[in-house]
Amino acid sequence: MSFYIAGTGSALPEKVISNDDLAQFLDTSDEWIYTRTGIRRRHVLTHERLDDLAIQSAKTALEDAKITGEELDLILCATMRGDTYTPSLACVIGEAVGAHAPAFDVNAACVGVLYCMEVADAFISSKKAKNVLIVAAEAMSKLVDWTDRATCVLFGDGTGAMVVRAGEGRLSGVLSTNPDSKVIRMPNIEGLNSPYNCVEQEKLAIYMDGGEVYKFAVNAMGKNIEQVCERAGLTPADVDWYLPHQANVRIIDASLKKFHIDKSKALLNISECGNMSATSLMVLLDEYAKKGTFRPGDKLLLVAFGAGLTSGAVLVEWKKASVG
Ligand code: ACO
C-alpha cells in the first residue's frame, strides 16, 4: 500500500516580470534569455507573504481532495526558507488549515517535492499516516543577486500543494545525492548578529556554475528516469507524461533525447514561470491537472535535480477523474 494523488493546488504572486523588464536594468535581452533557457516571464513577490500563498495552495489542494485539515496525519513542506526560520513553514500551514498533525520542512532544493513524496510513501506504507499534505514554497527573488545577470534571470517565486492519500497510485521512486556544496550554493545569514562571531560572511546570493549544473542535470535526470522505470517494470516509452524540473528547456530536451522520448510528452511552464526551485514541479502538476490533461490510468513521471547536488524521480499512476 502506498499513495495516490488526491488533490492539487497552486498560488503565484500577482506581479509578472518579463525579460524586457529585466533588460531595463540589466545588460541582457529577451532573445538571450529565451534562446538559452526557454524563459519569457516569471512571477515575483511584492506585497504578498510567501506563507500566505503557501496556505492558499494548501487550502485549494485540500478542497480538491475533499478532505479537511483535521483529517491530515502529516504535513511536509519543500522549501529552502519560509517567512520564519522557526516555526517551520509546514507548522505555519498546519495552523492555518486546522491540522494537528506532525509537520516539518524538507530542504532538498529543487528536488524537495520528490523527497517529500518519498517521505510520505514511507509514512503511509508503514501505516503511520493515511492523508499527507505536501506543500512547496520558494521565494527565489529574495535569494538572488539582482545585479548578476547570469543567475537572477533564471528564477521566479511561487507555491503549490498536493494531497496524497493511502491507496494504489505511486509505482516507484528513486532519490539520490551526489554531494557537492560548491556547484550551486546559497549561504545564509547565520552569525551576523553575534558579537562573538568572527567567521567572515559569504556573499548573500545564489552562486551557480552553470556549465557544471548543466552536465550534472542531464546525466542525473537521464539516470533517474531509467531507474524509476526499471523499478516499476516499465520502459521510458510506457510513460504518458514527463514532468521535469523547469530549470532550462535545453536541459529537459537533452535528458529526453537520451531515451528518444517524444518531446510532446514533456510538460512545460518554464516560459511563464521560470525556475521556481521546489515549487516548479508542483505548479506544473496542478496546472496540467486543472487543464484536464491527465486521464485516469495515465503514467506520470516527475523528475528533478538541484543543489546538494540532489536528484530524484517518482512515477505515479493518475487516479483522479479527469477535469474538463
Ligand atoms: N544576458 C546576456 N548575456 C549573459 C547573461 C544574460 N542574462 N548571462 C550571462 N551572459 C553572458 C556571459 O557573461 C558570457 O559572456 P562572455 O562570453 O562575454 O563571458 C556569455 O553570456 C556566455 O555565458 P555562459 O554562462 O557560458 O552562457 P551559457 O550559454 O552557458 O548559458 C546558462 C548560461 C543558461 C545558465 C547555462 O549555463 C545553463 O543552462 N546552465 C544550467 C544551469 C541551470 O539552468 N540552472 C538552473 C538553476 S539551478 C537548479 O535549478 C537546481
Quick check: is even one residue across segment 223-237 closer than 25 Å to Asp157 by Cβ, within 16 Å of the ligand (Cβ to nearest atom) and open to solvent by less than 50 Å² (accessible area, probe 1.4 Å)?
no
Can you find a residue in segment 10-30 that is open to solvent by less than 10 Å² (accessible area, probe 1.4 Å) and under 22 Å from Ala289 (Cα atoms)?
yes
From the list Thr84, Thr35, which residue is among the hydroxyl-bearing types (Ser, Thr, Tyr), out of contact with any strand residue (DSSP E or B) (no Cβ under 8 Å at 6 or more places or on another chain) and assigned to a loop (DSSP other than H, G, I, E, B)?
Thr84
Restricting segment 100-118 to residues that are free of Cβ contacts under 8 Å to residues at least 60 places away in the same chain and within 16 Å of the ligand (Cβ to nearest atom), the residue that is surrounded by the fewest Cβ atoms within 10 Å (Cβ to Cβ):
Asn107
Which of the following residues is within 23 Å of His43 (Cβ to Cβ), out of contact with any strand residue (DSSP E or B) (no Cβ under 8 Å at 6 or more places or on another chain) and either outside the structural domain of Thr159 (by TED's automatic domain parsing) or open to solvent by less than 50 Å² (accessible area, probe 1.4 Å) (or both): Asn248, Asn269?
Asn269
Does segment 88-95 contain at least one residue that is in a helix (DSSP H, G or I) and closer than 30 Å to Leu26 by Cα?
no
Only one residue in Val153, Val97, Val163 is under 30 Å from Leu22 (Cα atoms), buried (at least 19 other Cβ atoms within 10 Å of the Cβ) and outside the structural domain of Asp286 (by TED's automatic domain parsing), so which one is that?
Val153
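Results for (1) assigned to a helix (DSSP H, G or I); (2) open to solvent by 10 Å² or more (accessible area, probe 1.4 Å); (3) at pLDDT below 95; (4) among the acidic types (Asp, Glu), shown as yes or no for each residue.
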site: Ala120; (1), (2), (3), (4): yes, no, no, no
site: Phe123; (1), (2), (3), (4): yes, yes, no, no
site: Val144; (1), (2), (3), (4): no, yes, yes, no
site: Arg149; (1), (2), (3), (4): no, yes, no, no
site: Lys182; (1), (2), (3), (4): no, yes, yes, no
site: Pro187; (1), (2), (3), (4): no, yes, yes, no
site: Leu192; (1), (2), (3), (4): no, yes, yes, no
site: Asn197; (1), (2), (3), (4): no, yes, yes, no
Under the condition of being free of Cβ contacts under 8 Å to residues at least 40 places away in the same chain and either in a loop (DSSP other than H, G, I, E, B) or more than 11 Å from the ligand (Cβ to nearest atom) (or both), which residue from segment 205-222 is most open to solvent (accessible area, probe 1.4 Å)?
Asn219
Go through segment 129-142 and report how many residues are open to solvent by 50 Å² or more (accessible area, probe 1.4 Å), within 25 Å of Val314 (Cα to Cα) and in contact with a Leu (Cβ under 8 Å, 6 or more places away or on another chain).
0
Val153 meets each of (1) more than 17 Å from the chain's Cα centre (by Cα); (2) at pLDDT below 95; (3) near the ligand (Cβ under 9 Å from one of its atoms) with one exception, condition (2)
Quick one: is Val92 closer than 17 Å to Glu272 by Cα and open to solvent by 10 Å² or more (accessible area, probe 1.4 Å)?
no
Scan of segment 31-79 for residues that are open to solvent by 10 Å² or more (accessible area, probe 1.4 Å) and β-branched (Val, Ile, Thr), ordered by number
Thr35, Val44, Thr46, Ile55, Thr60, Ile67, Thr68
Check on Ala220, among the small types (Gly, Ala, Ser) and either within 30 Å of Lys59 (Cα to Cα) or not assigned by TED's automatic domain parsing to the domain that holds Gly38 (or both):
yes
So Glu202, is it within 29 Å of Leu76 (Cβ to Cβ) and open to solvent by 10 Å² or more (accessible area, probe 1.4 Å)
yes
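The values are calculated or read from the model by the stated rules, or taken from the named source; none is laboratory data. From a predicted model like this one, the values you see are computed outputs, not experimental measurements. All Cβ positions, glycine included, derive from the backbone under ideal geometry; neighbour counts span all protein chains shown. Remember, those area values only see protein heavy atoms, side chains included, never the ligands or the DNA or RNA. Shrake-Rupley method; radii C 1.70, N 1.55, O 1.52, S 1.80 Å.
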